[in-house]
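J.: Okay, here's the structure, questions in a sec.
The values are calculated or read from the model by the stated rules, or taken from the named source; none is laboratory data. These figures come from a predicted structure and were not determined experimentally. When we count neighbours, we look across all protein chains shown, and the Cβ atoms used for this are built from the backbone with ideal geometry, even at glycine. The protein model used for the area step is the full one, side chains on, heavy atoms only, and it has no ligands, DNA or RNA in it. Shrake-Rupley method; radii C 1.70, N 1.55, O 1.52, S 1.80 Å.
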Amino acid sequence: METLLDVENLWVKFPSRHGVFDAVRGVSFTLGRERLGIVGESGSGKSMTGRAILRLIRPPGIVEADQISLEGVDLMKLPEKDMRSVRGQRISMVMQDPKFSLNPVMTIGDQIIEAYRLHTTATKTQAYEKSLEMLEAVSIRDPERVMRAYPHEMSGGMGQRIMIAMMLIPNPEILIADEPTSALDVSVQRQVLDIMDKLVKDRGMGLIFISHDLNLVADFCDRVLIMYAGRIVEVCDADKLHEAQHPYTRGLLNSLPRLDQPRDRLDVLKRDPDWSIAPSVSARL
Amino acid sequence: MSMLQINGLNVWFGKNQNRVDAVRQAKFTVAKGESFGLVGESGSGKSTVLRAITGLAPNWSGTMDIDGQSLTRTRPKSFFKTVQMVFQDPYASLHPRHSVDQVLGETLYLHGFSDIDARVVKLLDDVGLGQKFRFRYPHQLSGGQRQRVAIARALAPEPRLLLLDEPTSALDVSVQAEILNLLADLRADRGLTYLMVSHDLSVVGHMCDRLAVMNNGEIVEILDVDALRAMKASHPYSQHLLEASL
């Protein structure tokens, strides 16, 4: 499989009053034209990994890596100006909460058109047509009305689909989706996933899917990285996630209530200090 | 006798052409000591039912009986001693500038307890936090710890009916398991009645004995957990919801 993105030994550090806090500690993985899931609890560094790839971590945060290569070009060495043409156009990111990612005082249409025209030389009319087309692609009924609406008039599910439409307009090679469905209902969740799945298949896009929902990731992704305290503790094929070996993964799986296996008490995760000391597992192919 | 009986409940917001009927003709009964679940998509009106019971949704019609007592527009003080609510987002439901001690102490004071000091200690022990958390502020606590404080606050007046509005949806799965175990233990110890709202069918299946499925403001079906586990819903919407959540 051809490698789109190669991340080697990525560290994210935040200096604080109590010394340096390492949010991500030496993570390595590659991404091909596949759906790669990153799971872990909050604070495990999964979102920071996604943001570090796009160099979105601002000082005082420090990002260090041996390399973050996008098709052979090391993003760590790119000047900020060139980085801007990578963001959005080649790698884009869907953030967790659509409410905080859309501009509240701009109509949705204006925002999508702006995002599109920033990356292309299209005229306003072309951009409008393209935006309508994208909104339809993420199964928004009545896209003309949505173009005129403001973000607060949209529900969470609609907002998330709008974000996805906006991110996909420049036709990126890689999409980083940070908990794209955790604010959504199960029925809408399915729709959003189907949209992303279709894009991976049709366009040969690489997808990094960040989530804390193990069942969802097992169902939806091809490969899964399990993160704990800034390190990758286990890598496995998504369909074999339920046979995972690491006690942390097992603990997470067992703590989920299940409809088909009623229990009086749920298993509570017992944390072992060895898990965070153990070196990161490399997920480079 | 039933702890909570709701009959023909309508809740609406706005008026004239802006009127939204959030709940229409809801009817269900929760027995004493039972744990009852409300499930549905967002916007189906499940949280609104809880808010109507506590008095946070002022426009309602129909009857709501708590332990045989009919509710009126104004809630008597005894109501708040019987019914308490735990909210969805533990990050938003605690005052950021009140320490845990102040949060619990104020609640106890308002409910007229005199042995506040001993009760604060007891409440913290009951929710598995312990004394060392007593003088912390919310920002010094994790999400799970905050939800424990919120539960302790709800338990302070020694209620008999606890309304739980998505108590674990903002938490990680490992923390969710801790909170669900805590809630199950508290119910067993104190003989509490739960009315729990969740969009997660497996959580409701774990916690509740019976559940109502809501869609578009109406209760479409009431079924027990065995039927839920066997995936035997009679209404097409609840069947659809069951299939989507697998």
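J.: Checking the conditions here, which among B:129, B:155 is more than 14 Å from chain A (Cβ to nearest Cβ) and closer than 18 Å to residue B:188 by Cα?
T.: Of the residues listed, the single one that is more than 14 Å from chain A (Cβ to nearest Cβ) and closer than 18 Å to residue B:188 by Cα is B:155.
J.: I would also like to ask the following. Is it fair to say residue A:111 is part of a helix (DSSP H, G or I) and either among the small types (Gly, Ala, Ser) or touching a residue at least 40 places away in the same chain (Cβ under 8 Å) (or both)?
T.: Yes, satisfied.
J.: Next question, about the same structure. From the list A:35, A:17, A:84, A:58, pick out the single residue that is touching a residue at least 24 places away in the same chain (Cβ under 8 Å) and open to solvent by 10 Å² or more (accessible area, probe 1.4 Å). Before the answer, list the steps.
T.: Values: A:17 fails: touching a residue at least 24 places away in the same chain (Cβ under 8 Å); A:84 fails: touching a residue at least 24 places away in the same chain (Cβ under 8 Å); A:58 fails: touching a residue at least 24 places away in the same chain (Cβ under 8 Å).
The conditions single out A:35.
J.: Could you tell me whether residue B:142 is within 14 Å of chain A (Cβ to nearest Cβ), surrounded by fewer than 23 Cβ atoms within 10 Å (Cβ to Cβ), in contact (Cβ under 8 Å) with a residue 12 or more places away in the chain and over 14 Å from the mean Cα position of the chain (by Cα)?
T.: Values: within 14 Å of chain A (Cβ to nearest Cβ): yes; surrounded by fewer than 23 Cβ atoms within 10 Å (Cβ to Cβ): yes; in contact (Cβ under 8 Å) with a residue 12 or more places away in the chain: yes; over 14 Å from the mean Cα position of the chain (by Cα): yes.
When the stated conditions are applied, residue B:142 passes them.
J.: Criterion first (touching a Ser or Thr at 6+ places or on another chain (Cβ under 6 Å), in a strand (DSSP E or B) and of a type in the set (Asp, Glu)) does residue A:22 satisfy it?
T.: Judged against the criteria, residue A:22 is not a match.
J.: Among what's in the range A:217-259 and is within 17 Å of the chain's Cα centre (by Cα) and in a helix (DSSP H, G or I), pick the residue that is nearest to the other protein chains (Cβ to nearest Cβ).
T.: By that ranking, first place goes to A:219.
J.: Give me the pairs, please: first residue somewhere in the range A:133-159 and more than 14 Å from every other protein chain (Cβ to nearest Cβ), second residue anywhere and open to solvent by less than 30 Å² (accessible area, probe 1.4 Å) and assigned to a loop (DSSP other than H, G, I, E, B), beta-carbon distance under 8 Å, and either six or more positions apart or on two chains.
T.: A:134/A:169; A:146/A:140; A:146/A:154; A:147/A:107; A:148/A:107; A:149/A:107; A:150/A:107; A:151/A:102
J.: Quick one: in the range A:65-103, of everything that is of a type in the set (A, V, I, L, M) and assigned to a strand (DSSP E or B), which residue is farthest from the chain's Cα centre (by Cα)?
T.: Restricting to residues being of a type in the set (A, V, I, L, M) and assigned to a strand (DSSP E or B), the top hit is A:73.
J.: Tally the residues that are surrounded by fewer than 21 Cβ atoms within 10 Å (Cβ to Cβ) and assigned to a helix (DSSP H, G or I), restricting the search to the range A:144-157.
T.: 7
J.: May I ask you to list pairs of residues, at least six apart or on different chains, whose Cβ atoms are under 6 Å apart, with the first in the range A:223-235 being in the same structural domain as residue A:42 (by TED's automatic domain parsing) and the second being crowded, with 22+ Cβ neighbours inside 10 Å and of a type in the set (D, E, K, R)?
T.: Partner pairs satisfying both residue conditions: A:227/A:46.
J.: Follow-up. So which residues in the range B:183-213 are open to solvent by less than 30 Å² (accessible area, probe 1.4 Å), of a type in the set (A, V, I, L, M, F, W, C) and farther than 22 Å from residue A:260 by Cα, if there are any at all?
T.: Taking the range B:183-213 as the starting set, the residues that turn out to be open to solvent by less than 30 Å² (accessible area, probe 1.4 Å) are B:183, B:186, B:192-198, B:201-205, B:207-208, B:211-213.
Those left that are additionally of a type in the set (A, V, I, L, M, F, W, C): B:183, B:186, B:192, B:195-197, B:201, B:203-204, B:207-208, B:211-213.
Passing the criteria: B:186, B:192, B:195.
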